[in-house]
Amino acid sequence: MVKIIEPSYEILTDIETLNPLKMIEIASRTCYQSWDFMKEGSAEKLIKHLVEREHWAMIEHGGMITVRFIADRGLSHELVRHRLASFGQESTRFVDYSNEKHGGELKIIKPINCPLTLEDFAKYAKYDSDVIFDESQYTGIKNQLYARYGVCKVRSWLKWYHCMHTIEHTYFTLRKQGFSPQIARSVLPIGIKTEIVISANLREWHHIFELRTSKFAHPMIRTLMRNLLKEFKKKIPIIFDRIIVKENE
């Protein structure tokens, strides 16, 4: 049975060990040979000056920071458009989702505006499967969802869910009939879960955050990037402070 999951991210780089501010200071003072100004707290003061002057060439020396995103392929298609970065992504060509090694199920990312919870989908799936079907329980679960979210919304999202289930069944059938994963993948939805690892320097992360936290960005990428930006601001002072995100946008 198809499994619905939430999008997420994980910072893979140990930023404390990386010490990006110190690396930026060393690169900057190499340019200006201003070693006599290097002391306790001097990196923060210098980097604030660099950011204010948009001297991004020095910020690039802060090192590469790597983040893993778990999202749908629509989001990954947007991320790989960033040029000054390295990417590694889960392959639908070589990963066989019908194989028990990979879970034996399709994992679908829950759209950001879907009001139903993962628990709602799990309860509904239990009584909507081909194996376990209890008419009274099935009707009861649907009525609970109707009461909680409204009939129109629930019907629309259950139609979406059934579409994902149909795709999973089609993909598994094609695999049983001898289609290779790279051919069977043609039926997979853009909402299928993918893992993508991104490595970029601090200048590029600054650019990514400027674009992807905007109110004009896709809701899913905007939510993930806004949360990631908060972590970056905590772990790396000064560099991202000028990116202001309005929570109500």
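The values are calculated or read from the model by the stated rules, or taken from the named source; none is laboratory data. Being a predicted model, the structure only gives us computed values, none of them experimental. Methodologically, a virtual Cβ is constructed for each residue, glycine included, from the backbone with ideal geometry; neighbour enumeration extends over all protein chains shown. Note: areas computed on protein heavy atoms with side chains; ligands, DNA, RNA excluded. Shrake-Rupley method; radii C 1.70, N 1.55, O 1.52, S 1.80 Å.
Roll a 1.4 Å probe over the protein chains and send me the accessible area per residue for region 166-240 in Å². Each step should come with its number before you reach the end.
On the way: 3450 Å² over 75 residues.
With all protein chains present, region 166-240 gives 46 Å² per residue.
I need the chymotrypsin sites (Phe, Trp or Tyr not before Pro) found in region 193-248, filtered to DSSP loop residues with at most 16 other beta carbons within 10 Å of theirs.
When the chymotrypsin sites (Phe, Trp or Tyr not before Pro) of region 193-248 are filtered for loop state and at most 16 Cβ neighbours within 10 Å, Phe216 remain.
Within 10 Å of each candidate Cβ there may be at most 13 other Cβ atoms; applying that plus a DSSP loop requirement, which chymotrypsin sites (Phe, Trp or Tyr not before Pro) in region 1-75 survive? Before the final figure, lay out each step's value.
Details: sites: Tyr9, Tyr32, Trp35, Phe37, Trp56, Phe69; in loops: none.
Here no chymotrypsin sites (Phe, Trp or Tyr not before Pro) fit, given the DSSP loop and packing criteria.
Report, to the nearest whole %, how much of the accessible area of the chain belongs to carbon and sulfur atoms, 1.4 Å probe, protein only. Mind dumping the intermediate values first?
Values: 7280 of 13790 Å².
After summing per-atom areas, the C and S share lands at 53 percent.
Trypsin sites (Lys or Arg not before Pro) within region 205-249: which are DSSP loop residues with at most 12 other Cβ atoms inside 10 Å? Can you show the working numbers first?
On the way: sites: Arg212, Lys215, Arg222, Arg226, Lys230, Lys233, Lys234, Lys235, Arg242, Lys246; in loops: Lys215, Arg242, Lys246.
Sparse-neighbourhood loop trypsin sites (Lys or Arg not before Pro): Lys215, Arg242, Lys246.
Report relative contact order for the chain in percent, whole number only (criteria: Cα-Cα under 8 Å, sequence separation at least 6).
On the way: 303 pairs, mean separation 81.0, N = 249.
Worked out over the chain, it gives 33 percent.
Hey, of [x] 27, 19, 18; [y] 45, 21, 13; [z] 30, 19, 18, which did the structure itself give for semi-axes √(5λ) of the Cα gyration tensor in Å when calculated?
Only one listed value fits the structure, namely [y].
Collect residues whose amide H, placed 1.01 Å from N in the peptide plane, falls under 5 Å from the amide H of Tyr9; neighbours closer than 5 in sequence don't count.
Correct list: Ile70.
Once phi is turned into ³J(HN,Hα) by the Karplus curve 6.51 cos²θ - 1.76 cosθ + 1.60 with θ = phi - 60°, what whole-Hz value does each residue of region 240-249 show in order, with x for glycine and proline?
9, 5, 6, 8, 9, 10, 8, 4, 8, 7
Compute the acute angle (0 to 90°) between the alpha-carbon long axis of helix 42-52 and the principal axis of greatest extent of the alpha-carbon atoms of the chain; round to the nearest 10°.
Approximately 70 degrees, to the nearest 10.
To the nearest Å, what is the center-to-center distance of region 32-110 and region 192-249, using C-alpha atoms only?
10
Just to verify a number: what accessible area does Arg73 come out at with the full protein assembly present, 1.4 Å probe, Å² rounded to tens?
Answer for Arg73: close to 50 Å² accessible.
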